[in-house]
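Engineer: My structure is below; once you've seen it, I'll send some questions.
The values are calculated or read from the model by the stated rules, or taken from the named source; none is laboratory data. Please read these numbers as outputs of a predicted model, since none were measured by experiment. Heads up, the Cβs are rebuilt from the backbone with ideal geometry, glycines too, and the neighbour counts pull from every protein chain shown.
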Amino acid sequence: MTAPKQARFLTGSTMRHVAVMTLTGMIGLTFMFVIDAATLFWVSFLNDEALITALGYVWTVQFFMLSISIGFMIAGTALVSKSLGEGNRQYAREQATTAMMVGVGAQCVIVIIVVMFRHNILAFAGATGAILETATKFLLISVPSILFIVTGMIASSVLRAEGDASRSMYVTLSAGVVAMVVDPLLILWMGWGLEGAAWGIVISRAVSALLGLYFLIGVHDLAAPLQMAYLRRWGGPFFIIAIPALLTQLSSPFGNYLITRIISDFGDSAVAGWAVLGRVTVLAFGGIFALSGAIGGIMGQNYGAREFGRIRSAYRDALLFCAGYVLIAWAILAAITPFVINLFGLGDEAAAVIKAFTYISAGGFVFAGALYVSNASFNNLGRPIYSTGFNWLKDGILMWPLCILLGGYYGAPGVVYGQGLAWALAGICSTIVGWHFIGNVEARDISKAGLKSGLR
């Protein structure tokens with residue numbers, strides 16, 4: 001009989017695991033966001049800033065749907081990585097299937113709602129006139145492909161929980177590669193314009209989903225056959241993590257939606273700058289977004305194996321990695337700011353929005369990264385509601401008044417400053433609580449085990 005396979009993150013340097021999983025995740029995640037950046041780049045060749053503005057509104061709406069997928073991905077990672085750490089591979093297979101069933105089913109419902117009310121949603125965000133009509137058509141084509149996104153993201157996250165950094169990277173990498181090929185063909189060569197960009201997104205997301213399923217099922221056999229029994233067995237534990245994770249993830253698109261609404265008062269050019277800034281941000285700080293996914297799998301496996309010292313080490317190393325990464329990325333962003341402005345042919349108001357971030361507010365990602373690390377720790381160690389609280393502190397309580405206040409003083413750039421300040425305040429609070437939480441995880445686990453023993 002073959003001995004069970006040992007979970008990958010239970011031995012070796014935690015800093016090495018953090019670095020390898022984050023950097024491979026960053027490459028894949030960055031290329032997934034290259035879809036949007038490539039779309040923006042090729043659309044800029046149409047020499048119409050209004051089209052870039054329309055994309056800004058579209059991405060604000062799709063950010064909500066993407067965040068819901070991330071919430072399901074987090075819950076799947078937490079369950080699967082813990083089962084792998086405990087050495088129970090069959091449970092991990094069933095949990096991966098459960099995450100996929102719930103994620104795709106829920107997004108089907110959301111896709112229908114968004115398609116039906118797309119015009120009203122975009123209008124409330126501030127889109128008007130021809131820009132509103134253009135954005136509405138783009139959403140109609142591209143929104144159903146969210147089903148491909150949730151499939152690919154859950155597959156990629158389960159591969160990360162398994163420790164297969166390279167294949168997890170390939171899943172998201174494939175979407176960006178395909179987009180770089182099909183976008184110029186559809187947008188320019190075939191003359192489809194923005195409609196071609198929407199179809200390019202659909203194609204690239206479909207390729208990513210199919211590749212993820214192949215790696216998950218064909219290579220690792222980490223998904224069980226579809227059965228409602230798995231949903232009944234694991235639905236409860238899944239939603240205990242997924243519901244607060246969803247509430248946590250929805251805070252960021254909510255904050256982004258508010259900012260888009262606020263910045264639209266400064267004109268279409270400011271919204272165009274905000275659209276470009278959104279793509280630049282995810283490309284420059286892809287490592288910080290990937291860090292939360294990387295640390296989740298590492299902590300989940302070690303929590304399942306009761307390796308509490310390694311949990312504390314992973315948390316510390318993740319914070320150090322975050323600080324170093326942000327400082328390097330910030331310096332590069334500041335240096336290439338004129339190039340970015342010229343590349344997309346942005347006007348003065350749009351350029352001012354870009355400079356406000358690249359020269360000043362980008363530094364706030366040190367605190368945003370610390371928030372993501374703390375949230376991943378809370379999600380994988382049994383306190384997902386903490387993540388919900390800190391994210392809504394940032395986006396639901398701090399963001400609106402700070403953006404309004406600083407926007408009143410500094411115009412559109414002030415809105416960007418307000419966002420950075422909200423990141424800083426929430427990040428500092430979450431890190432203080434997270435440090436205390438990680439330091440006491442062993443005592444809580446022993447107390448929990450004693451309580452269960454007493455009940456028996």
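Engineer: Return the pairs, sorted by first residue and then second, in which the second residue is basic (Lys, Arg), the first residue lies in region 40-57 and is at pLDDT 70 or above, the beta carbons are less than 8 Å apart, and the residues are 6+ apart or on different chains.
Structural biologist: Pairs found: LEU40/ARG279.
Engineer: Continuing with this model, one more query. So which residues in region 280-314 are in a helix (DSSP H, G or I) and over 19 Å from the mean Cα position of the chain (by Cα), if there are any at all?
Structural biologist: Across region 280-314, the qualifying residues are GLN301, ASN302, TYR303, GLY304, PHE308, GLY309, ARG310, ILE311, ARG312, SER313, ALA314.
Engineer: Out of the residues in region 199-232 that are within 23 Å of the chain's Cα centre (by Cα) and among the aromatic types (Phe, Trp, Tyr), which is nearest to TRP400 (Cα to Cα)?
Structural biologist: Only one residue fits best here, namely TRP199.
Engineer: Whether any residue in region 299-314 is more than 16 Å from LEU381 (Cα to Cα), in contact with a helix residue (DSSP H, G or I) (Cβ under 6 Å, 6 or more places away or on another chain) and of a type in the set (Gly, Ala, Ser) is what I want to check. Walk me through it before giving the result.
Structural biologist: The first filter runs over region 299-314 and keeps only residues more than 16 Å from LEU381 (Cα to Cα), leaving none.
Looking for residues that are more than 16 Å from LEU381 (Cα to Cα), in contact with a helix residue (DSSP H, G or I) (Cβ under 6 Å, 6 or more places away or on another chain) and of a type in the set (Gly, Ala, Ser), one finds none in region 299-314, hence no.
Engineer: Considering each of GLY235, GLY191, GLY152 in turn, give the residue that is in a helix (DSSP H, G or I) and more than 19 Å from the chain's Cα centre (by Cα).
Structural biologist: Values: GLY191 fails: in a helix (DSSP H, G or I); GLY152 fails: more than 19 Å from the chain's Cα centre (by Cα).
That would be GLY235, the only listed residue that is in a helix (DSSP H, G or I) and more than 19 Å from the chain's Cα centre (by Cα).
Engineer: Conditions: (1) over 30 Å from LEU51 (Cα atoms); (2) crowded, with 22+ Cβ neighbours inside 10 Å; (3) of a type outside the set (Ser, Thr, Tyr). ASP183 meets all but one. Number of the miss?
Structural biologist: ASP183 satisfies every listed condition except (1).
Engineer: Now for a different question. Give region 191-219 a look and list any residue that's under 22 Å from ALA161 (Cα atoms), surrounded by fewer than 18 Cβ atoms within 10 Å (Cβ to Cβ) and touching a helix residue (DSSP H, G or I) at 6+ places or on another chain (Cβ under 8 Å), or say none.
Structural biologist: Here is the first cut: in region 191-219, the residues under 22 Å from ALA161 (Cα atoms) are 205, 207-219.
Then keep just the ones that are surrounded by fewer than 18 Cβ atoms within 10 Å (Cβ to Cβ); that gives 210, 213-214, 217-219.
The answer is LEU213, VAL219.
Engineer: Out of the residues in region 146-186 that are modelled with pLDDT under 90 and polar (S, T, N, Q), state the one that is farthest from MET65 (Cα to Cα).
Structural biologist: The qualifying residue farthest from MET65 (Cα to Cα) is SER166.
Engineer: Find the helices (runs of 4 or more DSSP H) located wholly in region 363-426 whose residues include 2 or more that are buried (at least 21 other Cβ atoms within 10 Å of the Cβ) and among the aromatic types (Phe, Trp, Tyr), and list them. Before the answer, list the steps.
Structural biologist: Working: elements: 365-380, 384-392, 399-410.
Ranges flagged: 365-380, 384-392.
Engineer: Would you mind telling me which numbered condition in (1) surrounded by 15 or more Cβ atoms within 10 Å (Cβ to Cβ); (2) under 24 Å from THR172 (Cβ atoms) LEU188 fails?
Structural biologist: (2)
Engineer: Another question, then. Given the structure, is LEU346 among the aliphatic types (A, V, I, L, M), surrounded by 20 or more Cβ atoms within 10 Å (Cβ to Cβ), on the phi < 0 side of the Ramachandran plot and modelled with pLDDT of 85 or more?
Structural biologist: Details: among the aliphatic types (A, V, I, L, M): yes; surrounded by 20 or more Cβ atoms within 10 Å (Cβ to Cβ): yes; on the phi < 0 side of the Ramachandran plot: yes; modelled with pLDDT of 85 or more: no.
Spelling it out, it is not the case that LEU346 is among the aliphatic types (A, V, I, L, M), surrounded by 20 or more Cβ atoms within 10 Å (Cβ to Cβ), on the phi < 0 side of the Ramachandran plot and modelled with pLDDT of 85 or more.
Engineer: Condition first: of a type outside the set (A, V, I, L, M, F, W, C), surrounded by 15 or more Cβ atoms within 10 Å (Cβ to Cβ) and farther than 16 Å from ALA368 by Cβ. Now tell me which residues in region 307-340 satisfy that. Step through it out loud before you land on a result.
Structural biologist: Going through region 307-340, the residues of a type outside the set (A, V, I, L, M, F, W, C) turn out to be 307, 309-310, 312-313, 315-317, 324-325, 337-338.
Right, trim to surrounded by 15 or more Cβ atoms within 10 Å (Cβ to Cβ) and you get 307, 310, 312-313, 315-317, 325, 337.
Within region 307-340, GLU307, ARG310, ARG312, SER313, TYR315, ARG316, ASP317, THR337 qualify.
Engineer: Would you mind stating whether ARG118 is at pLDDT below 90, of a type in the set (Lys, Arg) and over 17 Å from TRP59 (Cα atoms)? I'd like the intermediate steps shown before the answer.
Structural biologist: Details: at pLDDT below 90: yes; of a type in the set (Lys, Arg): yes; over 17 Å from TRP59 (Cα atoms): no.
No.
Engineer: I've got another one for you. Does region 351-384 hold any residues that are hydroxyl-bearing (Ser, Thr, Tyr) and either in contact (Cβ under 8 Å) with a residue 40 or more places away in the chain or in contact with a Gly (Cβ under 8 Å, 6 or more places away or on another chain) (or both), and which are they?
Structural biologist: So in region 351-384, the residues hydroxyl-bearing (Ser, Thr, Tyr) come out as 358-359, 361, 372, 374, 377.
Listed by number, the residues that qualify are THR358, SER361, TYR372, SER374, SER377.
Engineer: While we're on this one: Does region 88-123 hold any residues that are free of Cβ contacts under 8 Å to residues at least 24 places away in the same chain and either over 22 Å from ALA75 (Cβ atoms) or small (Gly, Ala, Ser) (or both), and which are they?
Structural biologist: GLY105, ILE112, MET116, PHE117, HIS119, ASN120, ALA123
Engineer: ALA331 is checked against (1) modelled with pLDDT of 75 or more; (2) within 20 Å of THR431 (Cα to Cα) and fails just one. What number does that condition carry?
Structural biologist: (2)
Engineer: Checking the condition surrounded by fewer than 22 Cβ atoms within 10 Å (Cβ to Cβ), closer than 23 Å to ALA223 by Cα and not small (Gly, Ala, Ser), which residue from VAL109, VAL102 passes?
Structural biologist: Values: VAL109 fails: closer than 23 Å to ALA223 by Cα.
From the options VAL109, VAL102, the qualifying one is VAL102.
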